[in-house]
Amino acid sequence: MTKPILGYWDRRGVAEPIRYLLHYKKIDFEDKRYNPDDPGCHVWKKDKFSLGLDFPNLPYYIDGDLKLTQSIAIMRYLGYKHGLSYKSNEQQLRTMVAEQQSFEFSQKLKSFTRGDESETTGKDEFLKSVQPMFQQWEKFLGENKFLAGDDMTYVDFMVYEALDLYRLQQETILDDYPSLKAYFKRMRDLPELQEYLNSPAHM
């Protein structure tokens with residue numbers, strides 16, 4: 001049986017939550033990474049239209065005849081397949097809201113770090129401006145163990161990654177949010193992730 005293949009650039013990006021989920025579930029997969037510094041992206045362009053993808057893009061996930069692109073579609077599929085989906089109507093609503101909000105949360109930081117805002121606004125001012133988002137996450141999480149409640153879902157890996165990227169901008173950014181800080185540590189300390197988090201593959 002061939003291994004599933006996750007294809008993406010050799011960086012964290014939107015594929016990192018997918019990697020977390022696969023490692024957490026101990027899925028033996030090929031982490032195919034394309035060099036983003038390859039002039040003209042020749043290797044990716046060679047593969048792009050030869051893999052049979054409906055909408056050729058990165059990341060992609062191939063598992064036998066199953067071929068998917070779009071990071072959230074991949075996360076949803078893997079969540080459903082590996083028991084990391086919602087288990088009630090309430091969990092479904094919380095998962096759907098958290099999924100969409102996590103995308104906006106991540107995009108806010110991405111727009112800052114890759115755009116002109118980092119030069120015009122400055123990091124301190126930007127991090128101050130996003131505090132209301134952290135307050136909202138703190139309130140949404142409340143006393144729950146995970147975002148949907150007591151059960152982990154695929155969206156937890158998406159939010160964990162976003163929180164980690166914000167933490168890399170300011171190490172103490174979670175200090176004013178005890179529930180969120182405990183949640184972050186709970187995710188980071190998952191035994192199933194330790195080998196990957198402590199490996200050179202994790203940037």
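The values are calculated or read from the model by the stated rules, or taken from the named source; none is laboratory data. Just so you know, these numbers come straight off a predicted model, no measurement behind them. Here Cβ is always computed from backbone atoms with ideal geometry, including for glycine, and neighbour counts include all displayed protein chains. Only protein heavy atoms, including side chains, enter the accessible area calculation; ligands, DNA and RNA are left aside. Shrake-Rupley method; radii C 1.70, N 1.55, O 1.52, S 1.80 Å.
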Going residue by residue through the range 64-71, is there one that turns out to be over 30 Å from Asn144 (Cβ atoms), touching a Leu at 6+ places or on another chain (Cβ under 8 Å) and not in a helix (DSSP H, G or I)?
yes
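Look at Leu168 and say whether it is in contact with a helix residue (DSSP H, G or I) (Cβ under 8 Å, 6 or more places away or on another chain) and either of a type in the set (A, V, I, L, M) or farther than 16 Å from Tyr20 by Cα (or both). Working first, answer last.
On the way: in contact with a helix residue (DSSP H, G or I) (Cβ under 8 Å, 6 or more places away or on another chain): no; either of a type in the set (A, V, I, L, M) or farther than 16 Å from Tyr20 by Cα (or both): yes.
So Leu168 fails the test.
Just for the range 84-109: of the residues that are aliphatic (A, V, I, L, M) and open to solvent by less than 80 Å² (accessible area, probe 1.4 Å), which one is farthest from Lys181 (Cα to Cα)?
Of the residues in the range 84-109, the ones aliphatic (A, V, I, L, M) are 84, 93, 96-98, 109.
So of that shortlist, the ones also open to solvent by less than 80 Å² (accessible area, probe 1.4 Å) come out as 84, 98, 109.
On the way: Leu84: 22, Ala98: 17, Leu109: 18 Å.
Per the criteria, the residue is Leu84.
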Would you mind telling me which numbered condition in (1) within 24 Å of Ala148 (Cβ to Cβ); (2) at pLDDT below 95; (3) open to solvent by 80 Å² or more (accessible area, probe 1.4 Å) Lys81 fails?
(2)
Checking the structure you have, find out if any residue of the range 191-203 is in contact (Cβ under 8 Å) with a residue 12 or more places away in the chain, over 17 Å from the mean Cα position of the chain (by Cα) and in a loop (DSSP other than H, G, I, E, B).
no
Can you tell me which residue in the range 58-71 is nearest to Phe103 (Cα to Cα), limited to those that are surrounded by 13 or more Cβ atoms within 10 Å (Cβ to Cβ) and either without any contact (Cβ under 8 Å) to a residue 40 or more places away in the chain or in contact with a Ser or Thr (Cβ under 6 Å, 6 or more places away or on another chain) (or both)?
Gln70
Going through the range 154-175 one residue at a time, which ones are loosely packed, with under 15 Cβ neighbours inside 10 Å and of a type in the set (Asp, Glu)?
Glu171, Asp175
Could you look through the range 42-57, keep only residues that are in contact with a strand residue (DSSP E or B) (Cβ under 7 Å, 6 or more places away or on another chain) and not in a loop (DSSP other than H, G, I, E, B), and pick out the one that is surrounded by the most Cβ atoms within 10 Å (Cβ to Cβ)?
Trp44
As an exercise: evaluate Phe112 against (1) in contact with a Ser or Thr (Cβ under 6 Å, 6 or more places away or on another chain); (2) open to solvent by 60 Å² or more (accessible area, probe 1.4 Å) and give the number of the one condition it does not meet.
(2)
From the residues in the range 124-153 that are under 15 Å from Phe184 (Cβ atoms), touching a Leu at 6+ places or on another chain (Cβ under 9 Å) and not aromatic (Phe, Trp, Tyr), which one is surrounded by the fewest Cβ atoms within 10 Å (Cβ to Cβ)?
Glu138
Considering only residues that are assigned to a loop (DSSP other than H, G, I, E, B), modelled with pLDDT of 95 or more and either closer than 25 Å to Ser106 by Cβ or open to solvent by less than 40 Å² (accessible area, probe 1.4 Å) (or both), which ones fall in the range 13-41?
Lys25, Ile27, Phe29
